[in-house]
Amino acid sequence: MDALFGTIDVRDLLSTHDLTDPTAPLSAPDLRLLISRLESHSLQIKSKVQSYLVSHHQDFAALFSLCNDAVSRTDGISADLTDILRLVSDCPVDVEVRGVVEELSGKTREARVKKEILELVRIIVAINERLKGVREGVKNGRLRFAAEELRELKKALRIGDEDEREPIVYGLLRNEWQDCLEEIQELLARFMENAVRFDPESNGVRVRYRLSADGNDGVELRTVLEAMEVVGILDYGLAKVADLMIKHFIKPAVNYGSPITFVEELNQGSGEMTDALLKMVSSVDSKTELVDGKIVYIRILQIIKFVYKCICLQNGSWVRCFGKLTWPRISELIISNFLSKVVPEDASKLPDFQKIIQHTSKFETALKEIMFISASDNKDERLSNFAENVEVHFASRKKTEILAKARNLLLQSDFAVPQEYTREGLLLKNDVHSSEHVVDLLFLSERCVVSKAAFQLMKLVHQTLKDVCLSSTRVAFEFYRAARDILLLYEAVIPVKLERQLDGINQVAALMHNDCLYLSQEILGLAFEYHSDFPSAIKAQAVFVDMAPRFHLMAEEILQRQIQLVIFNLREAIDGADGFQNTHQMQHFESAKFSIDQVVFILEKVHIIWEPLLLPSTYKRSMCMVLESIFSRVARDILLLDDMAAEETLQLQRLINLMLENSSSLLESLSAVNRKGKTEEHRTHSLEDLIPSLRKIRKLAGMFSLYMPLKSITAAWESGELLVSCGFTLSEKEEILNGLVRYCSSAEAPILLSS
């Protein structure tokens, strides 16, 4: 069959195959040939089709039979469908079916609603019956049963979670439940009132364990407490008991120093506890007057343990409830009536208060063990917090008071120098041991005059450090910081207060120098004096030595500032001499003499101020620096002079001698200090060794003498006595030599030069 449906190519049927030109017409012979061949080919196809049908006759017969059956079934179905459509059109069955379905649905819903209503009624009836059972249980003394039923019914009635869409009967049931709760609550409260009563005759509280009320006899106290806990009214039931215990027992027990004690009596009958009694009796034992307050905690703990054992029956949750009701009031009573009254006013009594803190901590620990207060909530540690805060507040308050006192002391001090330490009272200087203004310098083996402010300030530091040694760790830390701050106050206040005085040459600056030196020495000694007695916890941190260099440096800065001021004033004064030129002229001589007088005046003023106040070693060192500065300046100005006339040299000699003569008292004081302060190794140091320019000045005065013959000058020059031993520099030697040459006559100059 595939050959029959193959593609017939017309070009194969033609005799010629040149059909490239589609527009070329076929010839008649070609058309006839084409028709003939097409007919032949058609006959071949028919023959093949016929032979194929004959060979597959059975298959085609089966196929036709199958088609005939399908047509027959289709006609049958069509007829049946026609009948159904006719029946439906004649009678609407779907409407009837829909009606039946709707009716069935309605009946089902109605049945469901009735079932829910019946279930609700059943529940309501059951709840009502249980409420009746609660009332019966209350009447019959089955308090635990009634309480548990109320607790379950509270959940069933969703008390506290009402819904407006609920049936009205639920509200009625809730009201019924509330009535039952109030009824059992009143009954349990009466039981507790009968269980714990204050007995005026015995002055004590009596606890009964078999109770009666409203016809219910023999109800146990434990049952009552269990019922109250189940219902959730335990705090309500214990509230009156708490008020009774605080009024009749806690308040008297907290009264610090009251001579009372508490006695317990336990009565048993038929093998069980019938009642217990805690009574308060007067005590004649003087040991109750303990200064550390331990007896107060012993009394209160005895009362609370009685409650724990005899009222709460050693039940943790019950005693915790009782504690929540009473602990805030008990702790407040202890604080107001005991702790606040024993707060120390002086640091020396802080160790005693530390004992009270320890007893307080032990007391709260004992309460935690019986679960009277929470072991995890720090808020319940009211007493410990108060006691520890009292310690801190005491220390903070004392620190503030100490610093305020130190500040006022510094601000009010006038830094006035006592009369005996002025120039007029200098003769009394050797008798300084009787004055409070004279202090020992610990590491210098010397004594010096200090201001009243520094002396009292250091006295305050010593007192504060003594308190450190007597205090607890936390208080000691505050006092230690206060001692440091006292010293720092001097550094902060005094330089600002005395700023103007420090800009001039006066006694205040010298006194402040002594203060700083004294404070630095005292600071170095603090560790040796107190460190061993400090609380061990602060020994590693309590350091003062770091402050000593600050005050020592401050003292040196003040001294150097004063020295520089003096040198500046001296240089200003000597500038008026105009280099000592032309002193043979009266006007220039008077000007130079005035400058020398000013120099002497300034030196004497400094002498008067410094000698009575400064340490001898400091006075010698400072004054030598000043004298060296002015003498070297005078010597330098004189050596720079050219072409001095004989009269001019004589006047210069007069000026130098005048300066040395008027400074004699100053030089004598320095010599005295130098002799007094000599040691074996410094015994060869003279005043001229300390003031090198002094030797130069004296040598210059001798060289200017008109009566010094050439022979003497030459001998002094050759021996080195003239210049070498006086410490002149090379340039100064050249100046002196030139001056001597000019000074000598024309015949003597070559002799001097050759020598």
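Quick notes on this structure:
- Unique match (being of a type outside the set (G, A, S) and more than 20 Å from S445 (Cα to Cα)) among L511, L526, L498: L498
- The set of residues in region 654-694 being closer than 23 Å to L613 by Cα, of a type in the set (K, R) and modelled with pLDDT of 75 or more consists of R675 alone.
Residue-wise test of (1) of a type outside the set (S, T, Y); (2) closer than 20 Å to S317 by Cα; (3) assigned to a helix (DSSP H, G or I).
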{"residue": "E183", "(1), (2), (3)": "yes, no, yes"}
{"residue": "R190", "(1), (2), (3)": "yes, no, yes"}
{"residue": "R197", "(1), (2), (3)": "yes, no, no"}
{"residue": "S202", "(1), (2), (3)": "no, no, no"}
{"residue": "R206", "(1), (2), (3)": "yes, no, no"}
{"residue": "D217", "(1), (2), (3)": "yes, no, no"}
{"residue": "P252", "(1), (2), (3)": "yes, no, yes"}
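Let's see how each residue does on (1) over 30 Å from R636 (Cα atoms); (2) aliphatic (A, V, I, L, M); (3) open to solvent by 50 Å² or more (accessible area, probe 1.4 Å); (4) touching a residue at least 60 places away in the same chain (Cβ under 8 Å):
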| residue | (1), (2), (3), (4) |
| --- | --- |
| N514 | yes, no, no, yes |
| K539 | yes, no, yes, no |
| P549 | yes, no, yes, no |
| M554 | yes, yes, no, yes |
| G576 | no, no, no, no |
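- Unique residue being modelled with pLDDT under 90, within 30 Å of S396 (Cα to Cα) and of a type in the set (S, T, Y) when the list is S340, S258: S340
- The number of residues in region 559-574 being touching a residue at least 24 places away in the same chain (Cβ under 8 Å), among the hydrophobic types (A, V, I, L, M, F, W, C) and either touching a Leu at 6+ places or on another chain (Cβ under 7 Å) or open to solvent by 20 Å² or more (accessible area, probe 1.4 Å) (or both) comes to 1.
- Contact map, region 444-470: first residue farther than 25 Å from A509 by Cβ, second residue basic (K, R) and assigned to a helix (DSSP H, G or I), Cβ cut-off under 9 Å, separation 6 or more or different chains; pairs are T464/K398; T464/K399; D467/K398; L470/K349.
- For region 212-221, a residue qualifies if it is under 18 Å from K309 (Cβ atoms) and either without any contact (Cβ under 8 Å) to a residue 24 or more places away in the chain or exposed (fewer than 14 other Cβ atoms within 10 Å of the Cβ) (or both), and exactly one does: E220.
- Filter result (at pLDDT below 80, open to solvent by less than 10 Å² (accessible area, probe 1.4 Å) and either part of a loop (DSSP other than H, G, I, E, B) or within 30 Å of Y518 (Cα to Cα) (or both)) within region 613-640: none
- Lone qualifier among S317, S331 - being within 16 Å of A242 (Cα to Cα), open to solvent by 50 Å² or more (accessible area, probe 1.4 Å), of a type in the set (S, T, N, Q) and touching a residue at least 40 places away in the same chain (Cβ under 8 Å): S317
- Any chance S595 is without any contact (Cβ under 8 Å) to a residue 24 or more places away in the chain and in contact with a helix residue (DSSP H, G or I) (Cβ under 6 Å, 6 or more places away or on another chain): yes
- Any hit, region 360-367, residues being outside the structural domain of E401 (by the TED database), in contact with a helix residue (DSSP H, G or I) (Cβ under 8 Å, 6 or more places away or on another chain) and open to solvent by 30 Å² or more (accessible area, probe 1.4 Å): no
- Number of positions in region 376-392 that are free of Cβ contacts under 8 Å to residues at least 40 places away in the same chain and touching a Phe, Trp or Tyr at 6+ places or on another chain (Cβ under 8 Å): 0
- Members of region 526-537 that are surrounded by 10 or more Cβ atoms within 10 Å (Cβ to Cβ) and over 27 Å from the mean Cα position of the chain (by Cα): L526, A527, E529, Y530, D533
- Residues satisfying the stated conditions in region 271-289, i.e. at pLDDT below 55 and buried (at least 16 other Cβ atoms within 10 Å of the Cβ): T288
- Residue pairs meeting the criteria (Cβ under 9 Å; at least 6 apart or on separate chains; first farther than 15 Å from V566 by Cβ, in region 621-639; second open to solvent by 20 Å² or more (accessible area, probe 1.4 Å) and of a type in the set (S, T, N, Q)): D637/Q581; L639/S731
- Selected residue (only one of A454, A476, A492 is in contact with a Cys (Cβ under 9 Å, 6 or more places away or on another chain) and more than 17 Å from A416 (Cα to Cα)): A476
The values are calculated or read from the model by the stated rules, or taken from the named source; none is laboratory data. As the structure is a computational prediction, the values presented were derived from the model and not from experiment. In this analysis, Cβ positions are derived from the backbone assuming ideal geometry, glycine residues included, and neighbour counts consider all displayed protein chains. Note: accessible area is taken over every heavy atom of the protein model, side chains too, but ligands, DNA and RNA are not part of it. Shrake-Rupley method; radii C 1.70, N 1.55, O 1.52, S 1.80 Å.
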